[in-house]
Structures are given as structure tokens and as C-alpha cells.
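First comes the structure, then the notes that go with it.
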Amino acid sequence: MKLTMKQITEGEDEVIIRYRQMNDEVEAIASIVQSSGKRIEGYEDGRQLFLLPEQIYYFESVDGTTYAYLKDMVCKVNDSLERLAIRYEDRGMFRCSKSMVINIYKISYLKSEPGNRICATMENDEQVMISRRYARILRQILKGGREDE
């Protein structure tokens, strides 16, 4: 695939995708461009922040409150794990347990654990356990496709 980029001094930024036939790669690129405006509203120390999904390592629900964990910050998020996993699935978010959603693009390495679980070490050195219920789905995603339950 050829990439052509041109800087402009005026006007609106624009992305043009030219393709012979629609395929997974073209669809993925289009999806990223179309969803680039999707930001997640978060709160930290009384400040309202707008986070990009790519900045987030994982979401965790604690006592009914959802938190977003970034490289060096934790923010409260007013959304459910289920909605976050569905809305940002195309940006790497994956439901890994009842109380967590991880960004698979922020995983450094994986280690199989007893009981068909997986321990994911994130880029920020946090370790996240992927439950056996979701481990099979993650393995399928990493192989290149998602197998529906």
C-alpha cells in the first residue's frame, strides 16, 4: 500500500482513501479516520479531561465507578465497561473480565496461567489477569479474527 501525505496551509484536514477493492486493511484505516473524533470524557482532581482511547491502558470498575488508567494518571469515567468495550472495540479495547476492559495495543507481553487464564503485562508494567471466560476470545483476536460466542 502506498502512502502519500501533503501538508496544507489553509482549509480543512482531509483524508482520501483510494482502493481497488474494499478489504480488511482499507476498512480498518477508514474506521480509524471516522472514529478519530471519539474522545472519552474523564475527570481527575476536579478537572474535566478529554482522552483519546489510544492513551488508555485499561478501564476498571470499582464499587460501581469506572476508572481509566493512563501511563501516569487515573481518571474517573462516567460510562459503563460494556459501553466502552463496544464503542471502542475497533480501537483495541477488549473486555477481559467482569470488572476490566484492556487496550490490547498497550500489552507488552502475555503469559499463560493455570485455569486457562492469561496474565497480561501492560506497557506501564501493570499486570492484568484475563479471565478464562475471555481468554479464548483474546486468543482468537490475536490469531487474526474474532470468533463469536
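The values are calculated or read from the model by the stated rules, or taken from the named source; none is laboratory data. Predicted, not measured: the structure shown is a model, and the values here were computed from it. Methodologically, a virtual Cβ is constructed for each residue, glycine included, from the backbone with ideal geometry; neighbour enumeration extends over all protein chains shown. Please note that ligands, DNA and RNA were not included when accessible areas were found on the heavy atoms of the full protein model with its side chains. Shrake-Rupley method; radii C 1.70, N 1.55, O 1.52, S 1.80 Å.
Mind checking which of Ala28, Ala85, Ala68 has the largest fluctuation in a GNM of the chain, springs on alpha carbons under 10 Å?
Largest GNM mean-square fluctuation: Ala28.
Cα-based Rg of the chain per 2.2 N^0.38 Å, rounded to two decimals?
The reported ratio for this selection is 1.18.
Please report the carbon-and-sulfur percent of the accessible area for the chain; probe 1.4 Å, protein heavy atoms only, DNA, RNA and ligands left out. Walk me through the numbers on the way to the answer.
Working: 4880 of 10810 Å².
About 45 percent, which is the carbon plus sulfur part of the accessible surface.
Over 13 Å, how big is the tail of the calculated P(r) for the range 10-62, in percent of all Cα pairs?
So the portion of pairs separated by more than 13 Å is 72 percent.
Relative to the first principal axis of the alpha-carbon coordinates of the chain, what is the inclination of helix 24-34, with its axis defined by its Cα atoms, in degrees from 0 to 90 and to the nearest 10?
On a 0 to 90 degree scale, this one is about 90.
Taking a threshold of 29 Å on the Cα-Cα distance, which of the pairs Lys38/Lys143; Lys38/Lys111; Lys2/Lys111; Lys2/Lys71; Lys6/Lys71 fall above it?
Details: Lys38/Lys143 27 Å; Lys38/Lys111 32 Å; Lys2/Lys111 36 Å; Lys2/Lys71 33 Å; Lys6/Lys71 32 Å.
Check vs 29 Å cut-off fails for Lys38/Lys111; Lys2/Lys111; Lys2/Lys71; Lys6/Lys71.
What order, most packed first, do the peptides 74-82, 5-13 have when packing is the mean number of other Cβ atoms within 10 Å of each residue?
Working: 74-82: 15.1, 5-13: 5.2.
Highest to lowest by the protection proxy: 74-82, 5-13.
Between Rg and the Kirkwood Rh of the range 59-137, both from Cα atoms, what is the Rg to Rh ratio?
The Rg/Rh ratio comes out at 0.94.
Straight-line reach from Lys106: which aspartates and glutamates have Cα under 19 Å away, leaving out those fewer than 8 places along the same chain?
Excluding near neighbours in sequence, the set is Glu54, Glu60, Asp72, Glu89, Asp90, Glu123, Asp125, Glu126.
Gap in Å between the Cα centre of the range 1-28 and the Cα centre of the range 61-77?
The range 61-77 and the range 1-28 have Cα centres separated by 34 Å.
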